[in-house]
Amino acid sequence: MLKVWNRYRHNLLAVSGLVFILLLIVIAIFARQIAPHNPYTMSTAARLTGPSSSHWFGTDQFGRDILSRIIYGSHISLQVGIIAVGFSFIVGTVMGVIAGYSGGWVDSLISRITDVLFALPDILLALVIMAILGPSLNNLMLAIGIVYTPIFSRIARGAVLNIRDSLYIEAAYSMGVKKIKILWHHILPNILSPLIVQVTLSFAFAILSEAALSFLGLGVSPDTPSWGIMLSSAKDWMELAWWTAVFPGIAITLAVFSFNSVGDGLRDALDPRTGTGN
């Protein structure tokens, strides 16, 4: 782990991304204490007020403070990312390990399922699931989780296939070690690295997916301070009040860029053959 960190910390972009993510987590946890205003409070007198000392990021069409809504929106984005990516990581990894370890018809069945899911564009598959289940935060997280399950399954399956016939696995078999113990102690620890990298990358895509689905009206309820909802509400006011779209857009961009940077940094740090590790 120390060697991985030493390689990681030399990647300035990855470290900057990690710092921003940690800051985002702190903001999400202490949103109520940090936000300067109640994100739900409306004021007809303060409608579409530009950035000022009282409203640093301005207000929206209902007079709500945009900075406060962005701060509260970080909680929604992280919640969606944690639950959706957690779901896809667990389910996808289990599917991939079973497919790669079992082989035969089990491998073929799981591979066909993942191929079908991969055949559909991510946002289209999420739209279909949301159209069936209906718009809500729980359904949104489930839809995003289902969408990103196949990538974890494919990565896990490929990693298992690479080490399934290794000498140390065959030696464990010859010593009479049970299959479940081989899976838990020998296979899983050796396939975690690519999966951990994919978690960070999927986190970025989950935030984008939440924003896109909320923008299309298939995400959280319209009054929820979500970055996607804020962008959706701002589309009719962009010419009159640019700040209603620009600041939520910047928040999404920074969050996605940070998670991608961390994912790239982890990939380089975990692979000593890359330039970062030299």
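The values are calculated or read from the model by the stated rules, or taken from the named source; none is laboratory data. Note that the structure is a prediction, hence the values are computed from the model and not measured. Every residue, glycine among them, receives a Cβ derived from its backbone with ideal geometry; neighbour counts consider all protein chains shown.
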When you check H37 against the structure, is it buried (at least 18 other Cβ atoms within 10 Å of the Cβ), without any contact (Cβ under 8 Å) to a residue 24 or more places away in the chain, in contact with an Asp or Glu (Cβ under 6 Å, 6 or more places away or on another chain) and not charged (D, E, K, R), yes or no?
no
For the range 11-34, the count of residues that are loosely packed, with under 14 Cβ neighbours inside 10 Å and more than 20 Å from the chain's Cα centre (by Cα) equals 4
Residues S77, S153: which one is over 27 Å from I180 (Cα atoms) and either touching a helix residue (DSSP H, G or I) at 6+ places or on another chain (Cβ under 9 Å) or among the polar types (S, T, N, Q) (or both)?
S77
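Being acidic (D, E) and more than 30 Å from R69 (Cα to Cα), is that true of even one residue in the range 204-223?
no
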Please state which of the following conditions G176 fails to meet, knowing it meets all the rest: (1) more than 17 Å from the chain's Cα centre (by Cα); (2) surrounded by 14 or more Cβ atoms within 10 Å (Cβ to Cβ).
(2)
Based on what the data block shows, is A143 crowded, with 21+ Cβ neighbours inside 10 Å, under 17 Å from S209 (Cα atoms), at pLDDT 90 or above and of a type in the set (G, A, S)?
yes
The correct count of residues that are of a type in the set (S, T, Y) and out of contact with any Gly (no Cβ under 9 Å at 6 or more places or on another chain) in the range 171-208 is 3
The range 131-244: helices (runs of 4 or more DSSP H) wholly inside it with 2 or more residues that are touching a residue at least 24 places away in the same chain (Cβ under 8 Å) are 137-163, 188-215, 227-234
State yes or no: is S88 more than 26 Å from S193 (Cα to Cα) and within 16 Å of the chain's Cα centre (by Cα)?
no
When the range 52-74 is examined, which residues are found to be touching a helix residue (DSSP H, G or I) at 6+ places or on another chain (Cβ under 6 Å), among the aromatic types (F, W, Y) and surrounded by fewer than 18 Cβ atoms within 10 Å (Cβ to Cβ)?
W56
Go through (1) modelled with pLDDT of 85 or more; (2) under 25 Å from the mean Cα position of the chain (by Cα) and name the single condition N190 misses.
(1)
